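The values are calculated or read from the model by the stated rules, or taken from the named source; none is laboratory data. As the structure is a computational prediction, the values presented were derived from the model and not from experiment. Methodologically, a virtual Cβ is constructed for each residue, glycine included, from the backbone with ideal geometry; neighbour enumeration extends over all protein chains shown. All accessible areas refer to the heavy atoms of the entire protein, side chains included, with ligands and DNA or RNA removed. Shrake-Rupley method; radii C 1.70, N 1.55, O 1.52, S 1.80 Å.
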Amino acid sequence: MDLGSLLNALILGVSIASIWLIAALGLTIIYGTAGVINMAHGELIMLGAYSSYMLQFYLGLPYLLCLPASFVVVALVGLALERGLIRYLYSRPLDTLLATYGVSLVLMQGVRLIFGSDPKYLAVPEIFQSNVMLGSVSVSAFRIVVLLVTVLLVLALWLLFYKTRFGVQVRAVMQNKEMAAAFGINSGRIYMLTFALGAGLAGVAGALFGVLAIVLPTMGASYVVQAFLMVVVGGGSLAGSVVASGVTGEMQSVFAFFTNDTLARFIIFVLIVAFLRFRPQGLFAQSGARR
Amino acid sequence: MGNLYHNKIAQWVVYVAFFAALAIIPNMVGDSFLLNQFATYCVYGMLALSISLCWGFGGILNLGQGIAFGLGAYGMAMTMQMQSQTESNPIPPFMLNNSLDYLPLLWQPFQSTLLGLILAVTVPTLFCAAFGGIMFRARVSGPFFAIMTLAMLSAFYTIILDRQAYTGGVNGLTPPSAFQFAGVEVDPYSPTAYWVVLFFLTGATFLAKLITQSSFGLVTQAIRDDSERVRFLGYSVAGYETVIYTISGLIAAVAGCCWVMLVQYVSPAQMDVGFSLSIVIWAAIGGRHSLLGSILGALIIQGAQSYLGDTFLATWLLILGGFFIVVVRFLPNGLASLLEVALGLLARPDPTSSPAPDGGRPLPAE
Amino acid sequence: MSGLLEIQRLSKSFDTTKVINDFSMEVVEGTVCCLVGPNGAGKTTTMDLITGRIKPTSGKIIFANEDITAKHEHLIARAGIGRKFQVPAVLRDMSVRQNLEVAYSRQTNPFRNLLKFHKPGLTAKLDEVATLAGLTGRLKERAGILSHGETQWLEIGMVLMQEPRLLLMDEPIAGMTESEIEKTARIFKDLRKSATLLVVEHDMGFVREIADVVVVMHMGSLLAQGSIQEIEADLRVRDVYLGEQEVA
Ligand SMILES: Nc1ncnc2c1ncn2[C@@H]1O[C@H](COP(=O)(O)OP(=O)(O)O)[C@@H](O)[C@H]1O
Ligand SMILES: [Mg+2]
């Protein structure tokens, strides 16, 4: 066995991990705070890709500006979703799961009716299309962009949750809603904002995935199960999702190196089920975790 | 007079009438293609029934019913595939295309039709018993169990996709000829095939109905209500959950066998997350607490879907998704609860004349 | 003579706080034992430990000469311990009759119950318990709509349907009227003929009425044990417990 190519696999694993992590970030925030299992997360990612496509196609927005713009667009969609539906279902976790699956159907088919089923493509600046040498591995420059955006977002979220008043309020609501209410924290508002934030993060992920792959109405479906497992394995905390994505991303890459991509995915699914059997609360259980 | 909807005798009458109506369909439908379609709807009905039993009565949301259905379907397809292999030509063509020049151990039992059928039903059932047993014993429940079933379903999906030489990969299996049993060929477009499916649907439904009305059903209902409390009454919650989940899986496995008999085809698409979720949608819209409601949900939704055809598929799915949201939000027991309310109104024609016996403040005990 | 239930040097910590601290007691068969103590003394936690809901950090629980410390909840229940919770826990979506029926758990095997439609002895037992609990007229109601007092009675009824050897009652008379309390005292004294009771209660009048033995808990430890007269004369008990009563 050749050590060099194993090293390549490890480097590739970082990239896979960053993709899985950015797909899971929004879901982590929403699940961690409100306990909502948002099955429409994949479709929010898809909406992020389509909003980037539209902004580029109709307004000629440069790609890098599409990222924050997609955040805003999808966050607004998330806000509407929370106000119109999710907020009535907080006490019924199974029903939120199902209702958000209904939402995912509506979003997917709605987009299909508007844009058709043919793929769309996002244009990116020339330099992102080149390849970069990392040690002995050649990695597409865009994957590095994804990695950087992921790191930046994780840092920003960490600051938001641990260094701001909003973060304190969120954590108070997570631990004890009634107690938080006694301190004048409006948990409904916190839930609303975190849901919008989570949706916006999905929007950013979509703007990135639209470049990594093609933009299709069905593109979200392929991310949602994987993203969920990252969140559940992590236990719903930011650090948990980072570690879970990191470990599984590396595993995926290394297993794929010895076998192939599909079989590696299978092994990871089985390992995750086994892991959750023994640690249903995930890697880092939150204090006052709901379940 | 109580609400007719809750009257056990009335329920049995309606069930018998429903299956009698299904039984006369072959006499009414001359088009054998249409009859085959009806039979596949009955298979979907069986799947919805299995979800109603597990989720509606047991409170266990299973988003991975495609596992049992798919394993059953693959078992049946393997059996049928081997029926068309001969002594001189024992290896299915797709294996040869994948440069496999011997019959793998996994396939050998399917050379016998009887053994193949037994495996097609027992393997998924035993899988459910093992998986359910492990999960429920660890007290994985609610949304967590739902996510675990999703993960497991995805695992099966990927492994079947990956092991192309053994499973046909993304193309799946397409047994070239109809299923033969005891020397008789079961033409999928014949009334016989329809009868076979109807027989299993009827059997499964009556079995499920009996179970829900038995002591077991009562305990299961109690577990759905408050599983924590039921433990202190001496019942093994994990045991009950495993049994109901396994029975539900058994029904889905039988449905998988029937389905392949009808369409002579199986692929990983049957283990796709979307398909398993649509089973849940049928049951939810029809009414998950009602076995018959769930079956009807499947018949109506799948019937409408194929009636509208591919041209309107996106529109239809959009409407279905929207309707599903409405049902989850406002009608937790689906369309069946509309009937319940209507019959409830009939039962008490003049609610103003007498004070509602159960609506007002409860009286003190003494 | 050894007790039906023996708690030996039981301790339980949550994170770093020691909630039960080297607590021992025993309940003799055919008696009514009252467990008293100020709020937060650890009475409910003790019941959680006995019924297996939580596992102790150290110590042993022996029931009918059998170590049940490590057993699962349902096995402890099957061994013959029934429990009424402090916050009444009934099956709210089911009818009163169904609640009582489920609690009649002579047969707990899922396979045996699968196609079982008739439980021998159920009707007679259900009539008896429903009458005792004053719920005969309410059998068809959904348990969720019962008043607090009725819910208490229903849960007591469920414990009786279980026919346990040892009944654990966590604050059974909370929310009951004066006459209901008297009736409960009568029923409990009656039950002593066929079963053993461990009752957590604040109401000293009620305790005086029913208790053969009183055990006083304070901050997770045994403070005093004896007849009601001995306990009421005990100065330490007055300090920690009766003092608190005046405040409450
Ligand atoms: N799960 C738990 N985690 C942490 N502390 C607990 C937990 N359960 C109970 N306690 C603490 O244990 C103490 C005893 O509680 P409890 O047994 O309910 O008291 P009692 O029933 O005597 O009023 C209380 O101080 C309570 O806060
Ligand atoms: Mg207490």
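Consider the stretch B:53-90 and keep the residues that are within 22 Å of residue B:183 (Cα to Cα) and of a type in the set (Val, Ile, Thr). The one that is most open to solvent (accessible area, probe 1.4 Å) is B:86. Residue count for the stretch C:1-24, restricted to those that are without any contact (Cβ under 8 Å) to a residue 12 or more places away in the chain and open to solvent by less than 30 Å² (accessible area, probe 1.4 Å): 0. Once the stretch A:90-117 is narrowed to residues that are assigned to a loop (DSSP other than H, G, I, E, B) and either surrounded by 14 or more Cβ atoms within 10 Å (Cβ to Cβ) or away from every other protein chain (no Cβ under 13 Å) (or both), the residue that is farthest from the chain's Cα centre (by Cα) is A:92.
Report whether or not residue C:87 is open to solvent by less than 10 Å² (accessible area, probe 1.4 Å) and more than 10 Å from chain B (Cβ to nearest Cβ). Answer is no for this residue.
Looking for something more than 19 Å from residue A:75 (Cβ to Cβ) and open to solvent by 10 Å² or more (accessible area, probe 1.4 Å) - is there at least one such residue anywhere in the stretch A:191-210? Walk me through how you get there before you give the answer.
Applying the first criterion (more than 19 Å from residue A:75 (Cβ to Cβ)) to the stretch A:191-210 yields none.
The answer is no, given that none of the residues of the stretch A:191-210 is more than 19 Å from residue A:75 (Cβ to Cβ) and open to solvent by 10 Å² or more (accessible area, probe 1.4 Å).
Quick check on this structure: which one of B:105, B:71, B:117 is away from chain A (no Cβ under 14 Å) and farther than 23 Å from residue A:263 by Cβ? Steps first, answer last, please.
Working: B:105 fails: farther than 23 Å from residue A:263 by Cβ; B:71 fails: farther than 23 Å from residue A:263 by Cβ.
The unique qualifying residue is B:117.
The set of residues in the stretch B:132-175 that are of a type outside the set (A, V, I, L, M), at the interface with another protein chain (Cβ under 7 Å from one of its Cβ atoms) and open to solvent by less than 20 Å² (accessible area, probe 1.4 Å) comprises B:154, B:158. Among the residues of the stretch C:195-208, those that are more than 16 Å from ligand 1 (Cβ to nearest atom) and under 24 Å from residue C:89 (Cβ atoms) comprise C:195, C:196, C:197, C:206.
Screening the candidates B:262, B:218 for the property of being open to solvent by 10 Å² or more (accessible area, probe 1.4 Å), part of a helix (DSSP H, G or I) and of a type outside the set (Ser, Thr, Tyr) yields one hit, B:218.
With more than 15 Å from ligand 1 (Cβ to nearest atom), crowded, with 16+ Cβ neighbours inside 10 Å, within 14 Å of another protein chain (Cβ to nearest Cβ) and over 29 Å from residue C:149 (Cα atoms) as the only criterion, which of C:68, C:62, C:81 stands out?
On the way: C:62 fails: within 14 Å of another protein chain (Cβ to nearest Cβ); C:81 fails: over 29 Å from residue C:149 (Cα atoms).
Among C:68, C:62, C:81, only C:68 is more than 15 Å from ligand 1 (Cβ to nearest atom), crowded, with 16+ Cβ neighbours inside 10 Å, within 14 Å of another protein chain (Cβ to nearest Cβ) and over 29 Å from residue C:149 (Cα atoms).
Kindly evaluate residue C:76 against the criterion of being open to solvent by less than 10 Å² (accessible area, probe 1.4 Å), away from ligand 1 (no atom under 13 Å from the Cβ) and away from chain B (no Cβ under 14 Å). Taking the combined requirement at face value, the residue does not satisfy it.
When we screen C:93, C:127 for residues that are assigned to a helix (DSSP H, G or I), open to solvent by 30 Å² or more (accessible area, probe 1.4 Å), farther than 30 Å from residue C:39 by Cα and touching a helix residue (DSSP H, G or I) at 6+ places or on another chain (Cβ under 9 Å), the only hit is C:127. Screening residue C:199 against (1) away from ligand 2 (no atom under 16 Å from the Cβ); (2) within 15 Å of the chain's Cα centre (by Cα); (3) open to solvent by less than 60 Å² (accessible area, probe 1.4 Å) leaves a single unmet condition, (1). Which residues, counting only those in the stretch C:34-56, are within 10 Å of ligand 1 (Cβ to nearest atom), of a type in the set (Val, Ile, Thr) and either more than 14 Å from every other protein chain (Cβ to nearest Cβ) or touching a residue at least 60 places away in the same chain (Cβ under 8 Å) (or both)? Within the stretch C:34-56, C:36, C:44, C:45, C:46 meet the criteria. When residue C:192 is tested against (1) within 14 Å of chain B (Cβ to nearest Cβ); (2) open to solvent by 20 Å² or more (accessible area, probe 1.4 Å), only condition (1) is not met. Within the stretch A:120-132, one or more residues are surrounded by 14 or more Cβ atoms within 10 Å (Cβ to Cβ), among the basic types (Lys, Arg), touching a residue at least 40 places away in the same chain (Cβ under 8 Å) and outside any helix (DSSP H, G or I). Just one of the numbered conditions (1) outside any helix (DSSP H, G or I); (2) open to solvent by 20 Å² or more (accessible area, probe 1.4 Å); (3) of a type in the set (Val, Ile, Thr) is not true of residue B:121: (1). Taken together, C:174, C:224 contain a single residue that is over 16 Å from the mean Cα position of the chain (by Cα), of a type in the set (Gly, Ala, Ser) and within 16 Å of ligand 1 (Cβ to nearest atom), which is C:224. Cβ-Cβ below 8 Å, separation at least six or inter-chain, first residue in the stretch C:67-83 and in a loop (DSSP other than H, G, I, E, B), second among the charged types (D, E, K, R) and open to solvent by 10 Å² or more (accessible area, probe 1.4 Å): which pairs? Short answer, once both residue conditions are applied: C:69/C:55; C:69/C:60; C:70/C:55; C:72/B:231; C:80/C:165. Go through the stretch A:236-283 and give me each residue that's outside any helix (DSSP H, G or I), touching a helix residue (DSSP H, G or I) at 6+ places or on another chain (Cβ under 9 Å) and surrounded by fewer than 17 Cβ atoms within 10 Å (Cβ to Cβ). Residues satisfying the conditions are A:259, A:260, A:279. Within the stretch A:211-235, how many residues are over 12 Å from the mean Cα position of the chain (by Cα), free of Cβ contacts under 8 Å to residues at least 60 places away in the same chain, open to solvent by 10 Å² or more (accessible area, probe 1.4 Å) and within 14 Å of chain B (Cβ to nearest Cβ)? So the count comes out to 1.
What are the residues in the stretch C:28-58 that are assigned to a strand (DSSP E or B) and either among the acidic types (Asp, Glu) or open to solvent by less than 30 Å² (accessible area, probe 1.4 Å) (or both), if any?
Kept after step one, since they are assigned to a strand (DSSP E or B), are these residues of the stretch C:28-58: C:32-36, C:58.
C:32, C:33, C:34, C:35, C:36, listed by residue number.
Any residue that is touching a strand residue (DSSP E or B) at 6+ places or on another chain (Cβ under 8 Å) and within 11 Å of chain B (Cβ to nearest Cβ) - is there at least one of those in the stretch C:103-125? Among the residues of the stretch C:103-125, not one is touching a strand residue (DSSP E or B) at 6+ places or on another chain (Cβ under 8 Å) and within 11 Å of chain B (Cβ to nearest Cβ), which makes the answer no.
Being in contact (Cβ under 8 Å) with a residue 60 or more places away in the chain and either in a loop (DSSP other than H, G, I, E, B) or within 14 Å of chain C (Cβ to nearest Cβ) (or both) is a property that residue B:279 lacks.
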